[in-house]
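For reference, the structure is listed below as C-alpha cells.
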Amino acid sequence: MTPEIKNCQNCKKDFTIEIDDFSFYEKIKVPPPTWCSTCRFLRRAVFRNERKLFRTINAVTEKPTLSIYPAESGYTIYDDNYWGSDNWDPFSYGRDFDRSRPFLAQLFELNQEIPHPRVSTLNMIRSEYSANAVDLKDCYLLFNSNNSENSAYGNGIDFSNNCFDTSHIKQSERCYESFWLTKCYETFFSSQCENCVSVWFSKNCQGCTNCFGCVNLVNQSYCYFNKQLSKEEYLLTIKELELEKFSNLEKIQKESREFWLKFPVKYFTGMKNVFSSGEYITHSKNVRKSFLVREGEDLKYVQYSQVGYLRDVMDVTVVAKSEIVYESSISGWDSAQLKFCWECWDGGIDFEYSMFCGRGASHIFGSVAISSGEYIILNKRYSKENFFKLRDEIKQHMNEMPYIDNQGRVYKYGEFFPPEFSPFAYNDTIAPEHFPFSKEEILSFGAKWYEVPKGEYGTTIGARELPDNIDDVKSDLLEEVISCADCKRGYRIISFELDFLKNHKIPIPRYCVDCRYKKRISQRNKNIFYNRSCMCTNEEHFHGVNKCQIEFETSYSPERPEIVYCESCYQKEVY
C-alpha cells in the first residue's frame, strides 16, 4: 500500500491520503474521503454553534425561551429535561426506507420533523443560561464546559471553579481573562500556563508563582517581566502599578503583549506529548495534525477534545472520552464505533449517519433522537438479521443513488452531512474563527447565511463613564445596562462577577461579553497549518553561525509577528 493523491471535491486542490490513513479506513470499513482534511473540518464546523443563544418558542409550554437553535432552523424545541424524558416517543416518527430517493434526503426530513433539545445540557444546577454543557452549578453563559461551578462568560471550562472570562482551561480556580490554562490558581490575563499561582499577564509559564508579565519561565517566583526581584521588591512593584484602575490595567496589558513578542515561541504549542503535532496539544501520544486536544492517543485531524481520554479517532470535531470515532461532529463521551454522526453522546455503540442519539443505544443507522434500543434504521426497529441486511442495502443504495447538494458535490457512503443540513447560519458557528469567509464565499460553500435579530437593551451608562477604580464601584452598578466601548451593545455586570472583581482588585470590563470573547480568542491560533523553517540565529545552538534550517508544520502563518523556533532551538533557549 502506498500514499495516494486525490483531488478535493470541494476546494479542487490535491491532497494526500497516507498509508496509516488507509489502514484506519480499512479497520472501520469506510472508503477514503473525497474532501481534503481542511475542507472536512470546515464541513463539520458549520454544525457547531458553541455559544450563541436565540429567542424561540418552547413547543410544550408555548412560552418564549432561549435556545442554541434559531427560529429560522425550523426545529421544534423542547426543554432539555422534557426532551430526555419519556413524555414523547421518537419511534413514533419511524418510517420505511424509500428506495426511490437518496437516503440522506430522507434522513434530513426526519431530522427536521423531530423535536430537538433547547441547549444540549445535562445535570445543570442554577445554570439555565449556559449551553453545550454537563454538570454545571451556579454558572452563567458558560459554553462547551463540564464539571465546573460559580463561573461565567467562558468556553471550554472543565473541572474549574470561580473563573470568569476564560477560554479552554482545566482544573483551575479563581482565574480571569485567560486562555489555555491547566491546574492554575489566581492566574489573570495570561495564556498557555500550567501549575501557576498568582500570575499576571504571563505566557507559557510552568510551575511559577507570583510572576508578572513573564514569558517562557519554569519554576520561578517573584519575576517581573522576566527579571528576578526579591519578594519585597516584587510586591512593592505590583502595588505601585495600581491595577485596580482600568486606565493602568489597559496600559500594562498592551505592554505585556508587546513584551511577549520579544521571545521565541515553539512551532507547536503543547506540553508533555509523545510523537504529536498540531496546535494546543497536551498530555497526549501519537496525536497528529490536531487542535485543542488533551489526553489523546492515536488521533489524527481531531479538533476540540478537552475532556477525558480519547483513543483511535480520526476526523472528529468536538469529541470526548471515546474510541473509534470517524467523521463526526459533537459526538462521543463513553461511546465507541461512531461514524458520520452529529450530536451523539452518552455511551452509544455502533452509530452511523445518526443525530442526537445515545444513552446506551446500539446499532443505530440513519436515526434521530434514539436514546435506547438497538437495531434501528430511520427510527424504526428491526430484528438483528434484518437490520444488518437493510443497512448493507442502504450503503449500496447511497453509492448508486447518492445525495447531490446544491453545489453539485456528491455524497456517497463515507461522507459527512452536507453543509446545507446544518440548522445554523455560518456566522453563528465556530467556522468563522478559523475560516473568516465573506457572505459570498459562505453561500458558495453551501452554508446558510441569515442575520438573526439580536436582543437589544436600552443602555443606561457608557463604558467610559464607569469609575476608573474598582474600589469606587458601588452595588447599584448591577442595575445599569452598560454600552460596550466597542460595539455599543448593552451588557450587565452580575452579582458574583462584581464580588470576584472587587476581591481581586480588577476593574469593571469596558466591553460586552461577545467583544471580550473575540479579543480573548484572537490570541488563539487557527486550525490551519503552514510549512515554515526555524527562525533561530543564536550561534550557541547546534547550527552555529548559520541560521537553523529545520523545517516544520506550524499554525503560525508567515505573516505573524512571533519568532518561531523548532523544538531543539526552543528547548535550548528556554530550559
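The values are calculated or read from the model by the stated rules, or taken from the named source; none is laboratory data. Just so it is clear, the structure is predicted and the values come from calculations on it, not from any experiment. Cβ: placed from backbone, ideal geometry, glycine included. Neighbour counts: every protein chain shown.
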Working only within the range 143-157, note down all residues that are more than 12 Å from the chain's Cα centre (by Cα) and buried (at least 23 other Cβ atoms within 10 Å of the Cβ).
Asn146, Ser148, Ser151, Ala152, Tyr153
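This table checks each residue for (1) under 17 Å from Tyr140 (Cβ atoms); (2) in a helix (DSSP H, G or I); (3) β-branched (Val, Ile, Thr).
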{"position": "Leu478", "(1), (2), (3)": "yes, yes, no"}
{"position": "Pro509", "(1), (2), (3)": "yes, no, no"}
{"position": "Arg516", "(1), (2), (3)": "yes, yes, no"}
{"position": "Asn525", "(1), (2), (3)": "no, no, no"}
{"position": "Thr537", "(1), (2), (3)": "no, no, yes"}
{"position": "His543", "(1), (2), (3)": "no, no, no"}
{"position": "Gln549", "(1), (2), (3)": "no, no, no"}
{"position": "Phe552", "(1), (2), (3)": "no, no, no"}
Filtering the range 561-575 down to residues that are in a loop (DSSP other than H, G, I, E, B) and surrounded by fewer than 15 Cβ atoms within 10 Å (Cβ to Cβ), which residue is modelled with the highest pLDDT?
Pro561
In the range 238-249, the residues that are touching a residue at least 24 places away in the same chain (Cβ under 8 Å) and in a helix (DSSP H, G or I):
Ile238, Phe246, Ser247, Leu249
Only unsatisfied item for Leu241, checking (1) surrounded by 20 or more Cβ atoms within 10 Å (Cβ to Cβ); (2) touching a helix residue (DSSP H, G or I) at 6+ places or on another chain (Cβ under 7 Å); (3) among the hydrophobic types (A, V, I, L, M, F, W, C), is (1)
Just for the range 135-148: of the residues that are in a strand (DSSP E or B) and among the hydrophobic types (A, V, I, L, M, F, W, C), which one is nearest to Ala320 (Cα to Cα)?
Phe143
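Filtering the range 431-441 down to residues that are outside any loop (DSSP other than H, G, I, E, B) and within 20 Å of the chain's Cα centre (by Cα), which residue is nearest to Val318 (Cα to Cα)?
The first filter runs over the range 431-441 and keeps only residues outside any loop (DSSP other than H, G, I, E, B), leaving 431-433, 439-441.
Next, from what is left, pick out any that are within 20 Å of the chain's Cα centre (by Cα): 431-433.
Numbers: Ala431: 13, Pro432: 16, Glu433: 15 Å.
Restricting to residues being outside any loop (DSSP other than H, G, I, E, B) and within 20 Å of the chain's Cα centre (by Cα), the top hit is Ala431.
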Selection from the range 346-375 of residues without any contact (Cβ under 8 Å) to a residue 60 or more places away in the chain and part of a strand (DSSP E or B) yields Ile349, Asp350, Phe351, Glu352, Gly358, Ser362, His363, Ile364, Phe365, Glu374, Tyr375
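Here's the yes/no breakdown for (1) outside any strand (DSSP E or B); (2) surrounded by fewer than 19 Cβ atoms within 10 Å (Cβ to Cβ):
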residue: Phe268; (1), (2): yes, no
residue: Tyr280; (1), (2): no, no
residue: Val287; (1), (2): no, no
residue: Gly308; (1), (2): yes, yes
residue: Val313; (1), (2): no, no
residue: Val316; (1), (2): no, no
Please give the number of the condition Gly414 fails out of (1) small (Gly, Ala, Ser); (2) surrounded by 14 or more Cβ atoms within 10 Å (Cβ to Cβ); (3) at negative phi; (4) modelled with pLDDT of 95 or more.
(3)
Looking at the range 483-504, can you tell me whether even one residue there is under 26 Å from the mean Cα position of the chain (by Cα), of a type in the set (Gly, Ala, Ser) and in a strand (DSSP E or B)?
yes
So in the range 442-455, with the set limited to residues that are at pLDDT 95 or above and part of a loop (DSSP other than H, G, I, E, B), which one is surrounded by the fewest Cβ atoms within 10 Å (Cβ to Cβ)?
Gly446
For the range 1-108, which helices (runs of 4 or more DSSP H) that fit wholly inside it have 2 or more residues that are surrounded by fewer than 16 Cβ atoms within 10 Å (Cβ to Cβ)?
19-28
With respect to Phe387, is the statement that it is surrounded by 20 or more Cβ atoms within 10 Å (Cβ to Cβ) and not in a loop (DSSP other than H, G, I, E, B) true?
no
